[in-house]
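Written below as C-alpha coordinates is the structure these notes are about.
The values are calculated or read from the model by the stated rules, or taken from the named source; none is laboratory data. Note that the structure is predicted; figures quoted are calculated from it, not measured. Quick reminder, even Gly has a Cβ in these numbers, built from the backbone with ideal geometry, and neighbours come from all protein chains shown. We work out accessible area using only protein heavy atoms, side chains counted, and drop any ligands, DNA or RNA first. Shrake-Rupley method; radii C 1.70, N 1.55, O 1.52, S 1.80 Å.
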Amino acid sequence: MKLKSFLLRYYPPGIMLEYEKNGELKTKSIDLLELSSSTDVNSLVEEIQKVEPLITASRIEQVRLLVQRLQEKLRQHSDHSFYLFKVLRAHILPLTNVALNKSGSCFITGSYDRTCKLWDTASGEELHTLEGHRNVVYAVTFNNPYGKVYTLIGHRAEISSALFNWDCSLILTASMDKTCMLWDATDGKYVATLTGHDDEILDSCFDYTGKLIATASVDGTARVYSAATRKCITKLEGHEGEISKISFNPQGNRLLTGSSDKTARIWDVQTGQCLQVLEGHTGEIFSCAFNYKGNIVIT
(Lines give C-alpha, C1' and ligand atoms only; values in the text may rest on other atoms or scores of the structure.)
Protein backbone atom coordinates (compact mmCIF):
# COMPACT_ATOMS: atom_id res chain seq x y z
CA MET A 1 0.00 0.00 0.00
CA LYS A 2 1.18 3.49 -0.85
CA LEU A 3 -0.30 6.66 0.65
CA LYS A 4 -1.14 9.19 -2.05
CA SER A 5 -2.81 12.12 -0.27
CA PHE A 6 -4.75 13.40 2.75
CA LEU A 7 -8.22 14.95 2.73
CA LEU A 8 -9.43 16.98 5.69
CA ARG A 9 -12.98 16.50 6.92
CA TYR A 10 -14.27 19.22 9.24
CA TYR A 11 -17.69 17.67 9.88
CA PRO A 12 -17.48 15.38 11.71
CA PRO A 13 -13.73 15.86 12.45
CA GLY A 14 -11.55 13.39 10.62
CA ILE A 15 -8.79 12.77 8.11
CA MET A 16 -9.39 10.78 4.93
CA LEU A 17 -6.50 8.82 3.43
CA GLU A 18 -6.21 8.15 -0.29
CA TYR A 19 -3.89 5.21 -0.96
CA GLU A 20 -2.97 2.85 -3.76
CA LYS A 21 -3.27 -0.92 -3.36
CA ASN A 22 -2.58 -3.34 -6.20
CA GLY A 23 -2.86 -0.46 -8.67
CA GLU A 24 -6.30 0.58 -7.39
CA LEU A 25 -6.99 3.89 -5.62
CA LYS A 26 -8.76 3.36 -2.29
CA THR A 27 -9.80 5.50 0.68
CA LYS A 28 -10.10 5.05 4.42
CA SER A 29 -11.17 7.32 7.26
CA ILE A 30 -9.48 8.28 10.54
CA ASP A 31 -12.40 9.51 12.64
CA LEU A 32 -11.55 12.06 15.35
CA LEU A 33 -14.96 12.39 16.97
CA GLU A 34 -13.50 12.96 20.46
CA LEU A 35 -11.21 15.78 19.30
CA SER A 36 -11.65 18.94 21.36
CA SER A 37 -9.92 22.30 21.75
CA SER A 38 -7.99 20.89 24.74
CA THR A 39 -6.81 17.64 23.12
CA ASP A 40 -3.04 17.03 23.26
CA VAL A 41 -2.20 16.94 19.54
CA ASN A 42 1.17 15.22 19.91
CA SER A 43 -0.30 12.36 21.97
CA LEU A 44 -3.19 11.96 19.51
CA VAL A 45 -0.84 11.81 16.52
CA GLU A 46 1.24 9.14 18.29
CA GLU A 47 -1.91 7.07 18.85
CA ILE A 48 -2.91 7.45 15.20
CA GLN A 49 0.50 6.27 14.00
CA LYS A 50 0.35 3.17 16.23
CA VAL A 51 -2.88 1.91 14.65
CA GLU A 52 -2.50 3.19 11.07
CA PRO A 53 0.37 1.64 9.05
CA LEU A 54 -0.04 4.18 6.23
CA ILE A 55 1.14 6.95 8.58
CA THR A 56 4.92 6.58 8.40
CA ALA A 57 7.52 8.68 10.25
CA SER A 58 7.87 11.00 7.24
CA ARG A 59 4.14 11.78 7.38
CA ILE A 60 3.82 12.53 11.10
CA GLU A 61 4.39 16.28 10.82
CA GLN A 62 1.81 16.54 8.05
CA VAL A 63 -0.77 14.71 10.16
CA ARG A 64 0.04 16.95 13.14
CA LEU A 65 -0.66 20.07 11.07
CA LEU A 66 -3.96 18.61 9.85
CA VAL A 67 -5.09 17.81 13.40
CA GLN A 68 -4.14 21.33 14.48
CA ARG A 69 -6.29 22.76 11.66
CA LEU A 70 -9.24 20.69 12.86
CA GLN A 71 -8.63 21.87 16.41
CA GLU A 72 -8.57 25.52 15.29
CA LYS A 73 -11.90 24.99 13.58
CA LEU A 74 -13.40 23.68 16.83
CA ARG A 75 -12.23 26.81 18.66
CA GLN A 76 -14.12 29.11 16.33
CA HIS A 77 -17.20 30.57 18.00
CA SER A 78 -20.56 30.52 16.24
CA ASP A 79 -22.69 32.45 18.73
CA HIS A 80 -23.18 35.47 16.45
CA SER A 81 -26.58 36.97 15.61
CA PHE A 82 -28.19 36.61 12.19
CA TYR A 83 -30.01 39.31 10.25
CA LEU A 84 -31.88 39.56 6.96
CA PHE A 85 -29.31 40.18 4.22
CA LYS A 86 -31.17 39.96 0.91
CA VAL A 87 -34.51 38.84 -0.47
CA LEU A 88 -34.28 37.31 -3.95
CA ARG A 89 -37.39 36.86 -6.05
CA ALA A 90 -36.67 35.27 -9.40
CA HIS A 91 -38.49 31.95 -9.72
CA ILE A 92 -42.02 32.31 -11.05
CA LEU A 93 -43.26 29.42 -8.85
CA PRO A 94 -42.45 28.34 -5.26
CA LEU A 95 -39.00 27.03 -4.30
CA THR A 96 -38.53 23.42 -3.22
CA ASN A 97 -34.92 23.38 -2.03
CA VAL A 98 -31.74 25.41 -1.59
CA ALA A 99 -28.07 24.49 -1.06
CA LEU A 100 -24.82 26.42 -0.48
CA ASN A 101 -21.51 25.35 -1.97
CA LYS A 102 -18.72 24.39 0.44
CA SER A 103 -17.25 27.89 0.72
CA GLY A 104 -20.64 29.61 0.81
CA SER A 105 -19.71 31.85 -2.13
CA CYS A 106 -22.71 30.75 -4.17
CA PHE A 107 -25.91 28.77 -3.77
CA ILE A 108 -28.46 26.97 -5.89
CA THR A 109 -32.27 26.96 -5.78
CA GLY A 110 -34.77 24.44 -7.14
CA SER A 111 -38.34 25.30 -8.02
CA TYR A 112 -41.75 24.18 -9.19
CA ASP A 113 -41.03 26.18 -12.34
CA ARG A 114 -38.82 23.25 -13.50
CA THR A 115 -35.56 25.21 -13.29
CA CYS A 116 -32.58 25.59 -10.96
CA LYS A 117 -30.84 28.90 -10.49
CA LEU A 118 -27.26 29.57 -9.38
CA TRP A 119 -26.69 32.72 -7.30
CA ASP A 120 -23.76 34.76 -6.03
CA THR A 121 -24.18 34.87 -2.23
CA ALA A 122 -22.57 38.26 -1.60
CA SER A 123 -24.26 40.25 -4.37
CA GLY A 124 -27.45 38.25 -4.83
CA GLU A 125 -26.78 38.25 -8.58
CA GLU A 126 -28.23 35.40 -10.62
CA LEU A 127 -25.30 33.62 -12.30
CA HIS A 128 -27.04 30.88 -14.30
CA THR A 129 -30.43 29.35 -14.94
CA LEU A 130 -30.28 25.58 -15.38
CA GLU A 131 -33.08 24.38 -17.67
CA GLY A 132 -34.10 21.07 -19.13
CA HIS A 133 -36.24 19.38 -16.48
CA ARG A 134 -39.79 18.61 -17.60
CA ASN A 135 -41.27 18.74 -14.12
CA VAL A 136 -40.70 20.02 -10.57
CA VAL A 137 -37.09 20.11 -9.30
CA TYR A 138 -37.25 18.61 -5.80
CA ALA A 139 -33.58 18.06 -4.87
CA VAL A 140 -30.44 20.16 -5.41
CA THR A 141 -26.87 19.64 -4.22
CA PHE A 142 -23.27 20.67 -4.98
CA ASN A 143 -20.33 18.34 -5.40
CA ASN A 144 -16.77 19.38 -4.63
CA PRO A 145 -15.09 20.32 -6.87
CA TYR A 146 -18.06 21.21 -9.02
CA GLY A 147 -18.57 22.24 -12.61
CA LYS A 148 -19.64 19.21 -14.63
CA VAL A 149 -23.23 18.93 -15.85
CA TYR A 150 -24.88 15.59 -16.62
CA THR A 151 -28.44 14.47 -17.22
CA LEU A 152 -29.12 11.25 -15.30
CA ILE A 153 -31.89 9.31 -17.03
CA GLY A 154 -33.30 6.05 -15.72
CA HIS A 155 -35.94 6.53 -13.04
CA ARG A 156 -39.57 6.01 -14.05
CA ALA A 157 -41.08 8.47 -11.55
CA GLU A 158 -40.27 11.58 -9.50
CA ILE A 159 -36.85 11.77 -7.81
CA SER A 160 -37.24 12.52 -4.10
CA SER A 161 -33.57 12.94 -3.12
CA ALA A 162 -30.18 13.26 -4.80
CA LEU A 163 -26.79 13.45 -3.08
CA PHE A 164 -23.06 12.78 -3.45
CA ASN A 165 -20.97 10.41 -1.33
CA TRP A 166 -18.14 11.92 0.75
CA ASP A 167 -15.54 12.05 -2.05
CA CYS A 168 -18.07 12.99 -4.76
CA SER A 169 -17.30 9.89 -6.82
CA LEU A 170 -20.88 8.56 -6.69
CA ILE A 171 -24.35 10.07 -6.87
CA LEU A 172 -27.32 8.44 -5.13
CA THR A 173 -30.87 9.17 -6.27
CA ALA A 174 -34.09 7.97 -4.63
CA SER A 175 -37.37 7.83 -6.52
CA MET A 176 -41.11 7.37 -6.31
CA ASP A 177 -40.56 4.37 -8.64
CA LYS A 178 -39.58 2.36 -5.49
CA THR A 179 -35.87 2.24 -6.38
CA CYS A 180 -32.61 4.03 -5.72
CA MET A 181 -29.96 4.40 -8.39
CA LEU A 182 -26.21 4.86 -8.18
CA TRP A 183 -24.38 6.95 -10.79
CA ASP A 184 -20.72 7.61 -11.53
CA ALA A 185 -20.18 11.30 -10.76
CA THR A 186 -17.15 11.56 -13.05
CA ASP A 187 -19.05 10.75 -16.24
CA GLY A 188 -22.73 10.61 -15.25
CA LYS A 189 -23.07 6.94 -16.22
CA TYR A 190 -25.50 4.56 -14.52
CA VAL A 191 -23.87 2.15 -12.03
CA ALA A 192 -26.57 0.13 -10.27
CA THR A 193 -30.18 -0.02 -9.05
CA LEU A 194 -31.11 -0.76 -5.44
CA THR A 195 -34.43 -2.61 -5.18
CA GLY A 196 -36.55 -4.21 -2.48
CA HIS A 197 -39.04 -1.59 -1.29
CA ASP A 198 -42.73 -2.16 -1.93
CA ASP A 199 -43.60 1.54 -2.24
CA GLU A 200 -42.14 4.98 -3.01
CA ILE A 201 -38.72 5.88 -1.54
CA LEU A 202 -38.84 9.27 0.17
CA ASP A 203 -35.25 9.64 1.37
CA SER A 204 -31.79 8.08 1.09
CA CYS A 205 -28.30 8.73 2.45
CA PHE A 206 -24.69 7.53 2.55
CA ASP A 207 -22.82 6.95 5.78
CA TYR A 208 -19.79 9.23 6.25
CA THR A 209 -17.38 6.69 4.72
CA GLY A 210 -19.58 6.05 1.68
CA LYS A 211 -19.61 2.29 2.36
CA LEU A 212 -23.27 2.04 3.38
CA ILE A 213 -26.50 3.39 1.90
CA ALA A 214 -29.78 3.74 3.79
CA THR A 215 -33.24 4.21 2.27
CA ALA A 216 -36.61 5.21 3.75
CA SER A 217 -39.93 4.32 2.16
CA VAL A 218 -43.68 4.86 2.17
CA ASP A 219 -43.93 1.10 2.84
CA GLY A 220 -42.97 1.86 6.47
CA THR A 221 -39.56 0.21 6.29
CA ALA A 222 -35.97 1.36 5.90
CA ARG A 223 -33.17 -0.65 4.35
CA VAL A 224 -29.38 -0.64 4.54
CA TYR A 225 -27.33 -1.58 1.46
CA SER A 226 -23.64 -2.12 0.79
CA ALA A 227 -22.40 0.55 -1.62
CA ALA A 228 -19.85 -1.96 -2.97
CA THR A 229 -22.06 -5.03 -3.54
CA ARG A 230 -25.41 -3.15 -3.75
CA LYS A 231 -26.93 -5.95 -1.65
CA CYS A 232 -29.44 -5.29 1.13
CA ILE A 233 -27.73 -5.89 4.49
CA THR A 234 -30.52 -5.02 6.90
CA LYS A 235 -34.25 -4.30 6.84
CA LEU A 236 -35.60 -1.97 9.55
CA GLU A 237 -39.20 -2.74 10.49
CA GLY A 238 -41.36 -1.24 13.24
CA HIS A 239 -42.81 2.09 12.12
CA GLU A 240 -46.59 2.18 11.68
CA GLY A 241 -46.50 4.75 8.88
CA GLU A 242 -44.34 5.97 6.01
CA ILE A 243 -40.73 6.97 6.79
CA SER A 244 -39.90 10.41 5.43
CA LYS A 245 -36.32 10.89 6.66
CA ILE A 246 -33.31 8.72 7.47
CA SER A 247 -29.84 9.68 8.76
CA PHE A 248 -26.66 7.88 9.86
CA ASN A 249 -24.83 8.92 13.01
CA PRO A 250 -21.19 10.00 12.42
CA GLN A 251 -19.85 6.62 13.59
CA GLY A 252 -22.03 4.79 11.06
CA ASN A 253 -23.40 2.23 13.54
CA ARG A 254 -26.78 3.85 14.21
CA LEU A 255 -29.63 5.13 12.04
CA LEU A 256 -32.29 7.70 12.88
CA THR A 257 -35.68 7.61 11.15
CA GLY A 258 -38.66 9.97 11.24
CA SER A 259 -42.15 8.80 10.37
CA SER A 260 -45.76 9.81 9.79
CA ASP A 261 -46.61 7.64 12.83
CA LYS A 262 -45.45 10.65 14.93
CA THR A 263 -42.32 8.89 16.23
CA ALA A 264 -38.60 8.81 15.48
CA ARG A 265 -36.58 5.65 16.04
CA ILE A 266 -32.94 4.76 16.67
CA TRP A 267 -31.72 1.57 14.99
CA ASP A 268 -28.67 -0.69 15.07
CA VAL A 269 -27.28 -0.63 11.52
CA GLN A 270 -25.94 -4.19 11.46
CA THR A 271 -28.77 -6.06 13.18
CA GLY A 272 -31.73 -3.87 12.21
CA GLN A 273 -32.91 -3.87 15.83
CA CYS A 274 -34.90 -0.86 17.04
CA LEU A 275 -33.00 0.47 20.05
CA GLN A 276 -35.29 3.33 21.04
CA VAL A 277 -38.61 4.92 20.10
CA LEU A 278 -38.65 8.72 20.47
CA GLU A 279 -42.16 9.96 21.21
CA GLY A 280 -43.74 13.34 21.90
CA HIS A 281 -44.75 14.78 18.53
CA THR A 282 -48.47 15.17 17.86
CA GLY A 283 -48.09 15.18 14.06
CA GLU A 284 -46.02 13.62 11.30
CA ILE A 285 -42.23 13.87 11.48
CA PHE A 286 -40.72 15.09 8.20
CA SER A 287 -37.07 15.61 9.15
CA CYS A 288 -34.51 14.46 11.74
CA ALA A 289 -30.74 14.51 12.17
CA PHE A 290 -27.81 13.67 14.48
CA ASN A 291 -25.32 16.27 15.67
CA TYR A 292 -21.70 15.72 14.63
CA LYS A 293 -20.84 13.79 17.81
CA GLY A 294 -23.87 11.54 17.47
CA ASN A 295 -25.09 12.17 21.04
CA ILE A 296 -27.97 14.54 20.21
CA VAL A 297 -30.80 14.17 17.70
CA ILE A 298 -33.29 16.76 16.48
CA THR A 299 -36.71 16.02 15.00
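Taking the criterion of being open to solvent by 70 Å² or more (accessible area, probe 1.4 Å) and touching a residue at least 24 places away in the same chain (Cβ under 8 Å), the only residue of region 105-125 that qualifies is Tyr112.
In region 19-42, the residue that is nearest to Arg64 (Cα to Cα) out of those that are open to solvent by less than 70 Å² (accessible area, probe 1.4 Å) and touching a helix residue (DSSP H, G or I) at 6+ places or on another chain (Cβ under 9 Å) is Val41. Evaluation of Trp267 against the conditions (1) hydrophobic (A, V, I, L, M, F, W, C); (2) closer than 13 Å to Leu236 by Cβ; (3) modelled with pLDDT under 95 shows that the sole unmet condition is (3). Scanning region 149-158 turns up one or more residues that are touching a strand residue (DSSP E or B) at 6+ places or on another chain (Cβ under 9 Å), within 30 Å of Thr229 (Cα to Cα) and in contact (Cβ under 8 Å) with a residue 40 or more places away in the chain. Within region 1-27, the residues that satisfy the criterion of being of a type outside the set (Val, Ile, Thr), in contact (Cβ under 8 Å) with a residue 40 or more places away in the chain and out of contact with any Ser or Thr (no Cβ under 7 Å at 6 or more places or on another chain) are Met1, Leu3, Phe6, Leu7, Leu8, Arg9, Tyr10, Tyr11, Pro12, Pro13. Residues in region 50-64 that are of a type outside the set (Val, Ile, Thr) and in a helix (DSSP H, G or I): Lys50, Ala57, Ser58, Arg59, Glu61, Gln62, Arg64. Candidates Gln49, Gln62: the one that is within 23 Å of Trp166 (Cα to Cα) and either open to solvent by less than 60 Å² (accessible area, probe 1.4 Å) or modelled with pLDDT of 90 or more (or both) is Gln62. Within region 254-279, the residues that satisfy the criterion of being open to solvent by 70 Å² or more (accessible area, probe 1.4 Å) and part of a loop (DSSP other than H, G, I, E, B) are Lys262, Gln270, Thr271, Gln273, Glu279.
Looking only at residues in region 165-174 that are out of contact with any Gly (no Cβ under 9 Å at 6 or more places or on another chain) and part of a strand (DSSP E or B), the one that is surrounded by the fewest Cβ atoms within 10 Å (Cβ to Cβ) is Leu172. Pairs, please: C-beta under 9 Å, at least 6 apart or cross-chain, first residue closer than 17 Å to Lys293 by Cβ and in region 62-76, second open to solvent by less than 50 Å² (accessible area, probe 1.4 Å) and small (Gly, Ala, Ser)? Pairs that qualify, where the first residue is closer than 17 Å to Lys293 by Cβ and the partner is open to solvent by less than 50 Å² (accessible area, probe 1.4 Å) and small (Gly, Ala, Ser), are Leu70/Gly14; Gln71/Ser36; Leu74/Ser36. Note on region 29-52: among residues that are touching a Leu at 6+ places or on another chain (Cβ under 8 Å) and touching a residue at least 24 places away in the same chain (Cβ under 8 Å), the one that is farthest from Asn295 (Cα to Cα) is Glu52.
For region 90-130, the set of residues classified as touching an Asp or Glu at 6+ places or on another chain (Cβ under 9 Å), in a loop (DSSP other than H, G, I, E, B) and closer than 26 Å to Arg9 by Cβ consists of Ser105 only. For a quick check of your reading of the model, give me the residue pairs whose first member lies in region 261-273 and is over 19 Å from Ser226 (Cβ atoms), whose second is open to solvent by 90 Å² or more (accessible area, probe 1.4 Å) and not in a loop (DSSP other than H, G, I, E, B), with beta-carbon atoms closer than 6 Å and at least 6 apart or on different chains. The qualifying pairs are Ile266/Gln276.
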